[in-house]
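Engineer: Sending over a structure as structure tokens; questions will come in a sec.
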Amino acid sequence: AVVSTQSTGSEGEEGLKLKITHSHTVSSLAWHASGKYLAVTMRDSPSCAVLIHNIQTGTSQKPFNKSKGLVQQVAFHPNKPFFFVLSQRYVRVYNLVKQAMVRKLVCGVKWASCMAVHPKGDNVIVGSYDKSLIWFDMDLSTKPYKSLQQHKKAVRDVCFHPRLPLYSSVSDDCSAIVTHGMVYDDLVKNPLIVPVKVLRAHKAGSKYGVLSNVFHPNQPWLFTGGADGDIWLYV
């Protein structure tokens, strides 16, 4: 069960407006571009692995009666009613208005770990625990456009820059790799992918390395968070 409550009293005064309590541990979340919706995944929940919350109304919706495969991550399309669901080996793309699957991307890896959708919406990158980074151009095929082996250990997170032709991937090898990823408006031109820089600042010590990364919304700056407890800013 999910319980949504509007905050009052001291919590409201401190800036907490809405509290959503889930029945299982939340493993990942994704915001809609409008800021009105928040999707969460709960890997430990057999019957409710994905939920979409309406922040304005405080209501929650289960988009699927039963999820196909072990859900790793979800993402909204930036400007269409499409919803991306990453499982162990596939990315399923659903039309939320029609309540139907419109595409099934075949990752070709043993176990996918993370996903990011390009700001234009037609390209997707997927990272995997078996060190691969997969680029999909959905205008071309449901199979990978490129498969890259840039990391030495499991890929933990991937992200696109919201404005610049850049994406980044981070791994248990304690590196962040920034790559130039140009997507053209001309559909005849394929995406251009060129590695730019390998960044190493996090300390190795446990079996995990760099766990997350995100770009600044305007500047060419990258934030990374590691299992060593540090957050780094690269400029």
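The values are calculated or read from the model by the stated rules, or taken from the named source; none is laboratory data. On a predicted model such as this, the values are computed, not experimentally measured, just so you know. Positions of Cβ are backbone-derived with ideal geometry, glycine not excepted, and every protein chain shown enters the neighbour counts. Ligands, DNA and RNA are stripped out before the accessible areas are found, and what is left, the full protein with its side chains, is counted by its heavy atoms. Shrake-Rupley method; radii C 1.70, N 1.55, O 1.52, S 1.80 Å.
Engineer: Tell me the residue from ALA116, ALA75, ALA100, ALA112 that is more than 20 Å from ASN213 (Cα to Cα), of a type outside the set (Phe, Trp, Tyr) and open to solvent by less than 50 Å² (accessible area, probe 1.4 Å), please.
Structural biologist: ALA100
Engineer: From the list ASP157, ASP228, exactly one residue is assigned to a loop (DSSP other than H, G, I, E, B) and either in contact with a helix residue (DSSP H, G or I) (Cβ under 7 Å, 6 or more places away or on another chain) or not aromatic (Phe, Trp, Tyr) (or both). Which is it?
Structural biologist: ASP228
Engineer: Hey, among LEU70, LEU16, which residue is at pLDDT below 95 and within 18 Å of the chain's Cα centre (by Cα)?
Structural biologist: Just a single option satisfies the conditions, and that option is LEU70.
Engineer: Looking at the stretch 21-55, which of the residues that are hydroxyl-bearing (Ser, Thr, Tyr) and under 10 Å from VAL74 (Cα atoms) is least open to solvent (accessible area, probe 1.4 Å)?
Structural biologist: THR41
Engineer: Could you list, ordered by first residue, the pairs with Cβ atoms under 7 Å in which the first is in the stretch 193-209 and farther than 28 Å from LEU164 by Cα and the second is among the aliphatic types (A, V, I, L, M) and surrounded by 12 or more Cβ atoms within 10 Å (Cβ to Cβ), at least 6 apart or interchain?
Structural biologist: If the second residue must be among the aliphatic types (A, V, I, L, M) and surrounded by 12 or more Cβ atoms within 10 Å (Cβ to Cβ), the pairs left are SER206/ALA227; TYR208/ALA227.
Engineer: What residue, of SER67, SER87, is out of contact with any Ser or Thr (no Cβ under 7 Å at 6 or more places or on another chain) and either charged (D, E, K, R) or open to solvent by less than 20 Å² (accessible area, probe 1.4 Å) (or both)?
Structural biologist: Result: SER87 is the single residue among SER67, SER87 that is out of contact with any Ser or Thr (no Cβ under 7 Å at 6 or more places or on another chain) and either charged (D, E, K, R) or open to solvent by less than 20 Å² (accessible area, probe 1.4 Å) (or both).
Engineer: Next question, about the same structure. Hey, among TYR167, TYR184, TYR145, which residue is closer than 20 Å to PHE84 by Cβ, more than 16 Å from the chain's Cα centre (by Cα) and of a type in the set (Phe, Trp, Tyr)?
Structural biologist: Of the residues listed, the single one that is closer than 20 Å to PHE84 by Cβ, more than 16 Å from the chain's Cα centre (by Cα) and of a type in the set (Phe, Trp, Tyr) is TYR145.
Engineer: With the condition kept exactly as written, say whether any residue in the stretch 208-217 is loosely packed, with under 13 Cβ neighbours inside 10 Å and either modelled with pLDDT under 95 or not hydrophobic (A, V, I, L, M, F, W, C) (or both).
Structural biologist: Yes, the stretch 208-217 contains a residue that is loosely packed, with under 13 Cβ neighbours inside 10 Å and either modelled with pLDDT under 95 or not hydrophobic (A, V, I, L, M, F, W, C) (or both).
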